[in-house]
Amino acid sequence: MNWNKLADDVLAGRAVTREDALVVLNAPDDELLAVLDAAFRVRRKYFGRKVNLHLIRNAKSGNCSEDCAYCSQSSVSTAPIERYVMQSADELFAGAQEAARAGAVKYCMVTAGRGPSPRVMDTVCLAAERITKELKVRLCVSLGTLTDEQAQRLKAAGVKRYNHNLESSRRFFPEICTTHTWDERVATVRRARAAGLEACCGGLLGMGETLEDRVDLALTLRELEVEAMPVNLFNPRAGTPLAGRKVMTPAEGLKALAMFRLVNPRAEVRAAGGREAVLGAMQPLALYPANSIFTQGYLTTLGQGSNRDVEMLTQAGFEVGQVEG
Ligand code: SF4
């Protein structure tokens, strides 16, 4: 593959084909830096050297009715995680204050569960109204499956973006979840967009899916025109059905991030969960394809902390993105 030409084509507006996306994932490790450079040229055009920091808040942890095999909060997980009921609007507001102090552009409130109960909706909307009024941080929420009315209510409360990951391809999804379908997830993403919310929708790579599945996910996200895509790299959790799965190599993870960038040039691509665990010492290289990261950890696992994240990205020559407007 002529990586420079691939980047030229993307910059000229030519959509990457399924075949080319597969070539990216199959690139020899010796060509890793050339692949990352191609992705970086595209990233630089649309996002410069800015890295958006996102802070995620697990507002209601564990005891989910669903059986997602990778998730330590699922009905089939015995993972030793903290389980708690819905936090109060005050606690969620305090989390937003912390996010603003950490320099995050987005604060994402997440609840475990198939979809939000009336109480969860009331609490999230109350917190969202106050955060929007008082703090300079953009709001994202992730509450599972939504109805049209719920999506509209979140929008009216000041929420900017809705997260609902597809996790994998339509083909592979039934192997990791049987209590709901991939199509239901797509329907929620469409509902959120129809209500005027931006869509944050990505996946979790390394659960046993093929490289073709990863490409199919990237192509679906392009078709759905999602604004942001968290690319999680699987870090198996003890007590879940996928415990013991082999972790992908850093090079494999970086090539996947590059592929998502090249297929979705204008989308916010996030080096999400598993960044520290899977990429290890190579994690600064993720900033060449990706323009955003989670800081201060994930839903049930810790990260390296926002100070180290900021130090890492500035030492690599990147800058922290700011809330616009
Ligand atoms: S629906 Fe969400 S919280 Fe529940 S098991 Fe699946 S991924 Fe985990």
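Read the figures in this text as sums done on the coordinates, not as results from a lab. Since this is a predicted model, take the numbers as computed values, not measurements. Positions of Cβ are backbone-derived with ideal geometry, glycine not excepted, and every protein chain shown enters the neighbour counts.
If you place +1 on the Cβ of every Lys and Arg, -1 on the Cβ of every Asp and Glu, and leave all else neutral, what size is the dipole of the stretch 1-111 about its Cα centre, to the nearest 20 Debye?
560 debye
Okay, helix-only estimate at 222 nm for the chain: each DSSP H run of n ≥ 4 adds -39500 (n - 2.57), divide by all residues, round to 500 deg cm²/dmol; what do you get?
On the way: 10 runs with 123 residues, N = 325.
Theoretical 222 nm ellipticity from helices: -12000 deg cm²/dmol.
Determine the distance separating the Cα centre of the stretch 205-248 from the Cα centre of the stretch 1-70; give it in Å without decimals.
Centre-to-centre (Cα) distance: 12 Å.
In degrees, nearest 10, range 0 to 90: what is the angle between the Cα axis of helix 32-47 and the longest Cα principal axis of the chain?
60 degrees
What number, in nm² with one decimal, is the all-direction average of the projected area of the convex hull of the alpha-carbon atoms of the chain?
For the chain, averaging the hull's shadow over all directions gives 14.8 nm².
Name the long-range amide H neighbours of M229: under 5 Å, sequence gap of 5 or more, or other chain; modelled H, no Pro or chain starts.
C201, E268, V269, R270
Mind checking which lysines have their Cα closer than 24 Å to the Cα of K5? Skip sequence neighbours fewer than 8 apart in that chain.
Reachable lysines: K45, K255.
Quick one: which residues, 5 or more positions from A102 or on another chain, have an amide H under 5 Å from its amide H? H modelled 1.01 Å from N in the peptide plane, none for Pro or chain starts.
none
Would you work out the charge dipole size for the chain about its Cα centre, treating the Cβ of every Lys and Arg as +1 and the Cβ of every Asp and Glu as -1, and quote it to the nearest 20 debye? Could you put the intermediate results ahead of the total?
Working: 41 positive and 38 negative charges, 137 e Å.
Using only the charged Cβ atoms, the result is roughly 660 debye.
May I ask you to evaluate 6.51 cos²θ - 1.76 cosθ + 1.60, the Karplus curve with θ = phi - 60°, for each residue of the stretch 129-137 and list the ³J(HN,Hα) values in order in whole Hz, giving x for glycine and proline?
4, 5, 4, 4, 6, 9, 10, 9, 9
Rounded to two decimal places and with Rh computed the Kirkwood way over Cα pairs, what is Rg over Rh for the stretch 173-290?
My calculation puts Rg/Rh at 0.96.
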